[in-house]
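Below is one structure, written out as structure tokens; the observations come after it.
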Amino acid sequence: MGHHIKQVVWPDRAYVDDKFDHHRLFSIIMTVATSITVSGLWGWDYVIDPAGAQRTIGLRLLMSGIILLHALLLHFRVPRRLTTAYAFLGAFTCQMLFIEVLNRLDHGMQAQFSGFLFFTFLPLLVMQYVPFTTGTLFMVLIIALPPVAGAVGFARDFEYVKYPLLLGPVGAMFICVLFAFEQINYTNYENQRLLRLVAITDSLTGAGTRRHITETAAREMVRARRYGGPLSVLMLDIDHFKRINDTWGHQAGDHAILAVVELCRATIRETDVIGRFGGEEFVIVLPQTGRAEAERVAERLRAAVAATPVALTPDVSVTLTCSLGVTELVDDDETVDGLLARADEALYAAKNAGRNRVSVAA
């Protein structure tokens, strides 16, 4: 629970970016709705003071435009920090304009206290794409600005002493609601993250699933084509794996698979990706790696497996071997299936040549 609250109050970058992506459309819709509402409030100005309302229509439209620009920044995916900074600046400006609107209306300060409540409620609707701490600061700004403006004499007839007594408890309640919203958002994020992790992770080895490694290879293939870098793929198969299962059982076979995966992880780079392609067969994607370097990586893997005894049971240790096929992305590769098929052909060439060796696709 403590970790959960800590992540809500001081979230990591991945959560904040995810929240920005998922709540951006909602914030756009609510911002546009707010802009329309603010411009339409001129009708209420007219009800309060028909003569004074002639002096407020321009300010109302200016406020509406400031809010609408916020929606445009979200729509065009302006970086989150810049969008948030504009939201703070826009909130400050709109609050000051709103105070001036009320100042131009006869009895405006007494008639439109509900308008301040409206601005206080905004972070719950519009600022869903920001972290809780930022939303809270936004809320504090909205609540504190009217009393401060009145205290420094910005507007006449502003009962700035009474406003904190009214806005303070309301704002505190809204901050609690904001925190509850954030807990819901973070819980949903964590659940989705765990579901994605389960979907792409092999339950036995922790390597990627077949679908994940195939999608990874496809993405790296597109990236290599776009930026002109090399890309290589290794396909690895544990030699005579069926004998292990038949002799010592499937649990021993699982130990053998785990041992090979751990050796692979210790040998390859952090940027390389390993996935279980099926049974005892694995695919390793090597971004920014040409065929010659990929062959050296494959040879290191082969030697590491052959040199490391593996405990299959408490009483049995064996030395495993593996065969590897190597291929590099070429201009004729139209799909990732062709790239993987060529690595598979190289793998079977290694097995047919006697196993415990590396074969490179022509």
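Observations, loosely collected:
- With respect to the conditions (1) assigned to a loop (DSSP other than H, G, I, E, B); (2) without any contact (Cβ under 8 Å) to a residue 12 or more places away in the chain; (3) not aliphatic (A, V, I, L, M), ARG296 lacks only one, and its number is (1).
- For the range 32-60, a tally of residues being hydrophobic (A, V, I, L, M, F, W, C), open to solvent by less than 60 Å² (accessible area, probe 1.4 Å) and in a helix (DSSP H, G or I) returns 6.
- Filter pass, THR187 being hydroxyl-bearing (Ser, Thr, Tyr) and open to solvent by 40 Å² or more (accessible area, probe 1.4 Å): yes
- The range 38-63, subset touching a residue at least 24 places away in the same chain (Cβ under 8 Å) and of a type in the set (Ser, Thr, Tyr), residue nearest to HIS75 (Cα to Cα): SER39
- Test: residue in the range 267-275 that is part of a helix (DSSP H, G or I), crowded, with 19+ Cβ neighbours inside 10 Å and in contact (Cβ under 8 Å) with a residue 24 or more places away in the chain: no
- Sole exception among (1) open to solvent by less than 10 Å² (accessible area, probe 1.4 Å); (2) within 27 Å of the chain's Cα centre (by Cα) for MET63, by number: (2)
- Any hit, the range 97-115, residues being within 21 Å of THR134 (Cα to Cα) and either more than 26 Å from the chain's Cα centre (by Cα) or open to solvent by 40 Å² or more (accessible area, probe 1.4 Å) (or both): no
- Residues (among the small types (Gly, Ala, Ser) and either loosely packed, with under 13 Cβ neighbours inside 10 Å or part of a helix (DSSP H, G or I) (or both)) located in the range 139-165: ALA144, ALA149, GLY150, ALA151, GLY153
- Scanning the range 306-362 for residues that are open to solvent by 40 Å² or more (accessible area, probe 1.4 Å) and assigned to a strand (DSSP E or B) yields PRO309, ALA311, THR313, SER317, THR319, GLU328, VAL360.
- With respect to the conditions (1) crowded, with 18+ Cβ neighbours inside 10 Å; (2) assigned to a helix (DSSP H, G or I), TYR129 lacks only one, and its number is (2).
- Whenever a residue of the range 5-25 is in contact (Cβ under 8 Å) with a residue 40 or more places away in the chain, its partners that are surrounded by 12 or more Cβ atoms within 10 Å (Cβ to Cβ) and acidic (Asp, Glu), lying with C-beta atoms within less than 7 angstrom and at least six residues away or across chains, give the pairs VAL8/GLU182.
- Among the residues listed as LEU312, LEU329, LEU324, the single one being closer than 14 Å to ILE244 by Cβ and in contact with a helix residue (DSSP H, G or I) (Cβ under 6 Å, 6 or more places away or on another chain): LEU312
The values are calculated or read from the model by the stated rules, or taken from the named source; none is laboratory data. From a predicted model like this one, the values you see are computed outputs, not experimental measurements. All Cβ positions, even for glycine, are placed from backbone atoms using ideal geometry, and neighbour counts span all protein chains on display. What goes into the accessible areas is simple: the full protein's heavy atoms, side chains included, and nothing from ligands, DNA or RNA. Shrake-Rupley method; radii C 1.70, N 1.55, O 1.52, S 1.80 Å.
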